[in-house]
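No lab work stands behind these numbers, since they all come straight from the coordinates. Worth saying up front: this structure is predicted, and the values here are computed from it rather than measured. Every residue, glycine among them, receives a Cβ derived from its backbone with ideal geometry; neighbour counts consider all protein chains shown.
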2 protein chains.
Amino acid sequence: MAYELYYWPTIQGRGEFVRLALEEAGAEYVDVARVRGVAPLMAFLEGQAVERPPFAPPFLQDGAVLVGQTAAILLYLGGRLGLAPADEAGRLWTHQIQLTITDLVAEAHDSHHPIAASLYYEQQRREAGRRARYFREDRIPDYLGWFERILAANPAGDAHLVGSSLTYADLSLFQVVEGLSYSFPRAMAQVLPRLERVAALHGAVAKRPRLRAYLNSDRRLPFTEEGIFRRYPELDG
Amino acid sequence: MAYELYYWPTIQGRGEFVRLALEEAGAEYVDVARVRGVAPLMAFLEGQAVERPPFAPPFLQDGAVLVGQTAAILLYLGGRLGLAPADEAGRLWTHQIQLTITDLVAEAHDSHHPIAASLYYEQQRREAGRRARYFREDRIPDYLGWFERILAANPAGDAHLVGSSLTYADLSLFQVVEGLSYSFPRAMAQVLPRLERVAALHGAVAKRPRLRAYLNSDRRLPFTEEGIFRRYPELDG
C-alpha cells in the first residue's frame, strides 16, 4: 500500500525532507493534501477520535502506523526504504545527524520569525534583522562546519555522512544547503567554498537520477516566502 | 558497565531529561563532568579523533556506543531501562512525544534568548519580553493542551502518556511542568488547573520512590538563571 504523507500542500517546509527520501527510494506515496486538500490533514490534527494525534505536520500514515515529527518519520522509513544502515548504532547515528538538522531548520525558521510563528515577518522585522546576523555569522558556520567534520571523520570515506552509501541524512543535508543557499546567498557564498565535502555531497545528491527527475518535476515546489527557507535580502547582511 | 552521561555539571538543562530516566530506573551511571570536570566532555566535542562527535551535550557513552541528542539518548535507553513499550509502534510514539517535548524545550529557551544563545539575557531583554508573551499565552497552552489530549486519548487510561506503565516521556513531561512552573509561575497558575491529567501525572511522578529520593538528593541541581528554565518575573506577565 502507498505511504500517505500529510503536509501543507503549497510549501516545501519540513515535509520536503520526507518527500526527498520517498522520491529517492522510488517509493509509492500520496502527498495527501496536494491531492485531496487540507481537510484530511486537519482531521488528524483536530479529530477527537485519533488515538495518537500528531502535534503538527508532517506526519505519515503507513497502514495502522501514524507517525509525526520529521526525524521520527525518517527513522521509521530509513530501513524500509534502504536509506539507513542495518546496525542499531549506525541507525542511531543517522538519526542523531537528522535531529541536528532539525535543530538547524528550527533556527533557520526563527531567523525570520524570532518572536512568534503566528505573526507576519513584517511584524518582527527588526528582531529578525538582529537574530539573522547571529544565525548567518555564527550558527550556519557552526552547523555546516560540523557536517564537514563528520564527513571527514567517516571511516568509510567522505562521500556520505554515514557509511559508504546514501542515507536520508545525506538527502536532508542536500536540502539544507539548497535552502540556506536560497535564503542567504551572500552568506553561503562566503561559507560553502571552505566546506569542500559538504559542497561535494550537495552536488552529488543533485545528480542522482531519481532526485534530479524529482527536482525537475512539478512535484518539487519552489522555495517561497511562505516556507521555512525564505529570501529576505535585508537578512543576508 | 556504568553508563557515562556527559553534560554541563552546574545546570539541569537538557541533561536532566536523561538523568531522570537513569535515576527512575536505578541504573548505574556516572555524571562525568560533575565527577571529573568538563575536560573529558570538551574532548568529545573538539577531539579530532572522535569518529561520531556529537554537535552538543548531552551525550551518553555505553561501551562502544556514543549517542547525542536528548531524544535519541532516551530512544536508546528506553528499552534498556524498561521505560519504553516493547512494540515498534509504541516506541515510535513515545519518541514522537519526546521530540515534541524537545521542541517545547527549545521554545522555552528562546523565550529568554530570542536573538542568540551567545548573548546574555540582558542583551536581548526587550525582544525576550515580546517573545515570552507569545510563548506564555499561546505556546504553553498549545503544548500542554496536546499532552492533556493524548493522555485522554490513551486507550490504556490517562495515568500515562503511552500504554499503562511509566515511560521516559512521562518523566520528561514531569520535568517540563516543573520547569515551566519555576519559570512562569503566574502563567502556569492560570493554565495548569484546566489540565487535570497533566497535573495528575506530574504529581504521580513526583511521588515515585526513586524519583522522590533523587529530587531530594544533592544530585538534583536547582533551577537557576543559567539553565533552560529561568525565572525572570518580567517575562511572566
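Quick notes on this one:
- Mean Cα-pair separation over length for the stretch B:94-213, i.e. relative contact order, pairs under 8 Å, 6 or more apart, %: 23
- For chain A: relative contact order, % (alpha-carbon pairs under 8 angstrom, 6 or more apart): 22
- In order along the stretch B:85-96, the phi-based Karplus estimate (6.51 cos²θ - 1.76 cosθ + 1.60, θ = phi - 60°) of 3J(HN,Hα) comes to x, 7, 7, 4, 5, x, 5, 5, 5, 4, 5, 4 Hz; Gly and Pro are listed as x.
- Per-q log10 I(q)/I(0), the stretch A:32-134, q = 0.10, 0.15, 0.24 Å⁻¹ (Debye; single scatterer per alpha-carbon; no solvent): -0.43, -0.85, -1.15
- Our analysis of chain A gives Rg over Rh at 0.96, with the two radii drawn from alpha carbon positions and Rh computed by the Kirkwood formula.
- Counting Lys and Arg as +1 and Asp and Glu as -1 over every other residue whose Cβ lies under 13 Å from the Cβ of residue A:195, the net charge comes to -1.
- Efficiency of FRET from Cβ geometry, residue B:42 and residue B:236, R₀ 35 Å, rounded to 0.05: 0.50
- Computed helical MRE - 222 nm, chain B, DSSP H runs ≥ 4 contributing -39500 (n - 2.57), nearest 500: -16000 deg cm²/dmol
- By other beta-carbon atoms within 10 Å, ranking B:218, A:62 with the fewest at the front produces B:218, A:62.
- Computed over the protein assembly as shown, the quotient of the alpha carbon radius of gyration and 2.2 N^0.38 Å is 0.93.
- Nm distances between copies for residue A:158, ranked from closest, using label points 7 Å along Cα→Cβ: 5.7
- Computed with the Debye formula from one identical point scatterer per Cα of the stretch B:117-212, without solvent, the log10 of I(q)/I(0) at q = 0.11 Å⁻¹ comes to -0.38.
- Charge tally in the Cβ shell below 14 Å around residue A:1, where Lys, Arg are +1 and Asp, Glu are -1, residue A:1 excluded: -2
- In this label model, residue B:133 and residue B:224 are separated by 3.2 nm, measuring between points 7 Å along each Cα→Cβ vector.
- Rounded to the nearest 20, the Cβ-based charge dipole of the stretch A:36-194 about its Cα centre (Lys and Arg +1, Asp and Glu -1) stands at 420 debye.
- Spin-label pair residue A:121-residue B:120: with each label point 7 Å from Cα along the Cα-Cβ axis, the two points sit 3.4 nm from one another.
- DSSP-defined antiparallel bridges as percent of all bridges, chain A, nearest 5: 70
- Net length gained if the chain between residue B:153 and residue B:51 were fully extended (0.36 nm per residue, minus Cα distance): 32.5 nm
- Averaging the Cα positions of each part gives two centres, and for the stretch A:65-110 and the stretch A:1-56 these lie 16 Å apart.
- Dipole of chain B computed with +1 at Lys/Arg Cβ and -1 at Asp/Glu Cβ about the Cα centre; of B:190, B:140, B:165, farthest Cα towards the positive end is B:190.
- Listing B:188, B:1, B:42 from fewest to most neighbouring C-beta atoms within 10 Å gives B:1, B:42, B:188.
- If you model the stretch B:107-173 as an ellipsoid using its alpha carbon gyration tensor, with each semi-axis the square root of five times an eigenvalue, the axes come out at 34, 13, 6 Å, biggest first.
- When the convex hull of its Cα atoms is viewed from all sides, the stretch A:183-224 shows a mean projected area of 3.5 nm².
- Projected label distance in nm at residue B:142 and residue A:213, using a 7 Å step from Cα toward the beta-carbon: 3.8
- Local charge for residue B:139 was computed over the other residues whose Cβ lies under 11 Å away, with Lys and Arg +1 and Asp and Glu -1, and equals -3.
- Phi to ³J(HN,Hα) by Karplus 6.51 cos²θ - 1.76 cosθ + 1.60 over the stretch A:176-182, Hz, x for Gly, Pro: 5, 5, 4, x, 5, 5, 5
- Rounded if a/c under 1.5, otherwise prolate or oblate - the stretch A:1-44, Cα gyration tensor axes: oblate
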